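What follows is one structure encoded as structure tokens, with my remarks underneath.
The values are calculated or read from the model by the stated rules, or taken from the named source; none is laboratory data. Because the structure is predicted, anything quoted here is derived from the model rather than measured. Here the Cβ positions follow ideal geometry from the backbone for every residue, glycine too, while neighbour counts run over all protein chains shown. Quick note on the areas: whole protein, heavy atoms, side chains included, nothing else; ligands and nucleic acids left out. Shrake-Rupley method; radii C 1.70, N 1.55, O 1.52, S 1.80 Å.
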Amino acid sequence: MKDLKTLFILILILTVKIGFTQTKSPSEFLGYELGERFTRHFQVINYFNHVTDNNSNIKFIKYGETYENKPLHLAIITSPKNFSKLEEIRINHLKSARLLDGSFTDDGIAIVWLSYNVHGNEAVSTEVSMKMIYELVNSDNQSTKKWLENTIVIIDPCINPDGRGRYVNWYYQKGNFPYNTNPDVVEHHESWPGGRSNHYLFDLNRDWAWATQIETQSRLNVYNKWLPNVHVDFHEQGVNQPYYFAPAAEPYHEVISNFQREFQVTIGKNHAKYFDKNGWLYFTKERFDLLYPSYGDTYPMYSGAIGMTYEQGGSGRGGLGVINDEGDKLSLKDRIAHHFTTSLSTIEISSLNAEKLSSEFQKYYKNAFEKPKGQYKAYVVKNDSGQDKINSLIKLLDRHKIEYGSVNSNVTIKGLNYKSNKTEKFSINSNDLIISSYQPKSNLVKALFEPQTKLKDSLTYDITAWALPYARGLNAYATTSKLSVKPFQIKDSLGAVNGVEKPYAYLTKWNSIEDVSFLSYLLQKNVKVRFTKKPFTIENKNFASGSLVITRTGNQKNKDFDKIVKNASKKFNRNIFAVSSGLVSSGNDFGSSNVTYLKKPKIAVLSGDGTSSLSFGAIWHFFEQQIHYQINVIDNDYFNRIDLHDYNVLIFPNGYYNKILTKSKLTKLKSWIQKGGKLIVISSAISAFAESEDFAISTYQDDKEKEAIKKEKDSIKKQAILDPFSDLERNYISNLITGSIFKATLDNTNPLGFGYPDYYYTLKINSKRYAYLKNGYNVSVIKNKSNLVSGFAGKNAIKAIDESLVYGVERKGKGTIVYLVDDPLFRSFWENGKLLFSNAVFMVGH
């Protein structure tokens, strides 16, 4: 009897350890069928932990946390044989990509990465992730067991837990029980800001290359440790759309290989086989192109994978079930079935072609290293771009495992000057940063650095220009010469205070976002700061306009004054010059009115219906996560009840505010400005002010210009009447600017332009234009269409760009209005705009 009992216990232990019988299905574990309700994030994690605990061939790792402290996880599963040497396989794979040194073997193993729920309100795919992990361990599923013999599957069950949590919580609060399929009811109409974006309202599917968000940064760290052969980004689209899968639409970026194109077709055919069998509608080769480098399909593509987007109809309007325009019910269970089918189909076709995927991956990286595509063989960032900007760029390159270095000896060569857009001779020294195209990540380098992206088709899903030298304000060259490089010596300033021990004033530069963070810290420690409106020289050191002057006068009551400044110097790596006198050798002395006291801003930012959640999110993230300065978020619903005299800076993000900016409210706003308030208005928010006679901003310079532009538009409309229906979409884009770079003038003597040269590269994401200010400062303007530097601009839209305002300042009484026609914080990747926005907040109006 005792022996039987012992045997029973051993069998039980063995079953738990190696068997699949202990693994519950999602429905068994959760207590409801998938699709009956939305599963909360903690339940999803609990289920994955349950599956991992009961199976010896799964690793479930935490790779980060969201801003709301929700965990980010990956499940890695393969056959027991592969699992026993998982790290060996990973290292061999990276060696085959030349990202690690050493020889490698062609093991014929494919790595498939399935990324679910990057958009929070596209909530079906996290449900699918649980069904997927179960099927991959289901002992009754002989197909998945066979696939895992030559395939490693990586599952990210939820890229965006914060956004998904916001949507799921909202749906639980607003949804009917049982659910209501009527598309008119509230459960199918999310309230602002919706669940699509992350905590700071960023679109994580447009952040892969820029890595501005903590979720992206964490994901890139682990993604580049695996570099999958196949990566799928699961999405949802409108409820009236069926299902989209690869192959993608044109344009394809030219770095995409023939095999990557061909295998998209192979995968699409495999999916179609199952969709045809079930009678499910689908489409391919439309809408979703492969150009913009920061998507969950393109970034993997430029890193050697077969990158794909799958789009299921549903999204935030789908709920648990909804009636579409054809009168058919689309349920969450339907959506699960579709994404589940393409998930399995992707693994199947990858397994059937594992050897080909592996060999082509090796070929991709071999060619990238030895025969990089494109005419430019290196990109040179000159040291005079500024150490802060170079360090920031290096940080981004490190995230992407992009190699960089410096020349072995000084050399003079020819290259395209990004500034002049001309090929010129230039010198390179050991302090300049070199990004060679002869490296594993050369295709990604080309996509991010090339001055002009080649467009085979102007019908594209996103912006068409993003070159890092323009976006980051770098003095850079692209050269056709191959450059030999050595490791770059990173110069990290430790921050030091040089000069006298107890100075009359501390002085420091103003030309980077790190300088803004330094100022932010001082202001919040109640240190009074001044800045110079004009250049000056003291003790043989030159200081440009905008430089900070931190005098002892005004800070006598702050007992920790010197300690705070010195600590800030170290904290932000700022080199401070301490002087014993306020008497300068040239320029204005420190008691001059041109050395102005900087009043601490008390900032209010509008949010809510009518406000672009993306624009608001970029502002919110900028203050909280980048310069760590407190703001006051005010909702549009009660904006008219707020006493604005409690604030001295008011920011209108991109949006439409005609509902709240009534004539009487505009009058009150004007009065607040005249008494010393500062209003910062961004992009489309300007329209409400352009329609008012109380403000200087206007769409047209005068009635003559208005009439001329109207005639031009009428002529275009008249021609369009006779256009064939098939040409309407293509002809329509001739009226658009969809994300192009223009070289604008910049008055760097105006506080809005402090810290810049006399030009500025602006990213114009729409064709809206405003005339020069008649009564104000036209700080940055586009003089004519020849200022287009990179990207697509429709032939009709470009005609209207002449003599248009980019950034302007209007004085009104004691206050100021700052007009930011182009959003300088767009997606937070336009790094060179952040100082200008900071100037608007901290410098302008004093």
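Here are the numbers for the structure shown:
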| item | result |
| --- | --- |
| Exposure rank, largest accessible area first [Glu810, Glu33, Glu28; 1.4 Å] | Glu28, Glu33, Glu810 |
| Ordering of 620-630, 309-319 by packing [mean C-beta count within 10 Å, highest first] | 309-319, 620-630 |
| Reciprocal of mean inverse Cα separation for region 151-232 (Kirkwood radius, Å) | 14.9 Å |
| Area of Arg206 that stays accessible when all protein chains are in place (1.4 Å probe, Å², to 10) | 30 Å² |
| Exposure of Lys834 as accessible area (Å², to 10), given a probe of 1.4 Å and all protein chains | 10 Å² |
| Exceeding the 21 Å Cα-Cα cut-off - candidates Lys373/Lys795; Lys600/Lys663; Lys382/Lys414 | Lys373/Lys795; Lys600/Lys663 |
| Spin-label model distance (nm) - Thr423 vs Lys371, 7 Å beyond Cα toward Cβ | 2.3 nm |
| Nearby aspartates and glutamates by direct alpha-carbon distance to Lys774 (threshold 20 angstrom, same-chain neighbours under 8 apart not counted) | Glu691, Glu693, Asp694, Asp702, Asp703, Glu705, Glu707, Asp747, Asp802, Glu803, Glu810, Asp822 |
| Dimensions (Å) - region 88-164, Cα atoms, principal axes, largest first | 44, 33, 13 |
| With Cα atoms, 0 to 90° folded angle of helix 663-674 axis to the chain main axis | 60 degrees |
| Span from the region 50-106 Cα centroid across to the region 413-465 one, whole angstrom | 34 Å |
| Residues whose placed amide H lies under 5 Å from that of Tyr657, excluding near-sequence neighbours | Ala688 |
| Cα gyration tensor of region 590-675 - equivalent ellipsoid semi-axes, whole Å, descending | 25, 19, 10 |
| Hits among lysines - C-alpha to C-alpha of Lys277 under 19 Å, sequence gap 8 or more where chains match | Lys269, Lys333 |
| Of all accessible heavy-atom area on region 149-277, the percent that carbon and sulfur account for (1.4 Å) | 49 percent |
| Paired Rg and Dmax values of region 418-527, which use every Cα atom, in angstrom | 20.0, 63 |
| Helix axis angle, 214-226 relative to the chain longest principal axis, alpha carbon, degrees | 50 degrees |
| The chain, accessible area per residue, ligands and nucleic acids excluded (1.4 Å, Å²) | 41 Å² |
| Inter-label distance, nm, simple model (7 Å from Cα along the C-beta direction), Asn558/Thr412 | 4.9 nm |
| CD proxy at 222 nm, helix term only [per DSSP H run n ≥ 4: -39500 (n - 2.57); per residue of the chain; nearest 500] | -9500 deg cm²/dmol |
| Ellipsoid semi-axes in whole angstrom, largest first, where each is sqrt(5λ) of the Cα gyration tensor of region 37-112 | 30, 16, 9 |
| Largest-first principal axis extents of the Cα set of the chain (Å) | 98, 62, 60 |
| Region 375-448 pair-distance distribution - Cα-Cα, 10 Å bins, rounded % | 18, 52, 30, 0 |
| Shape parameters for region 69-119, alpha-carbon atoms, Rg then Dmax in Å | 13.8, 40 |
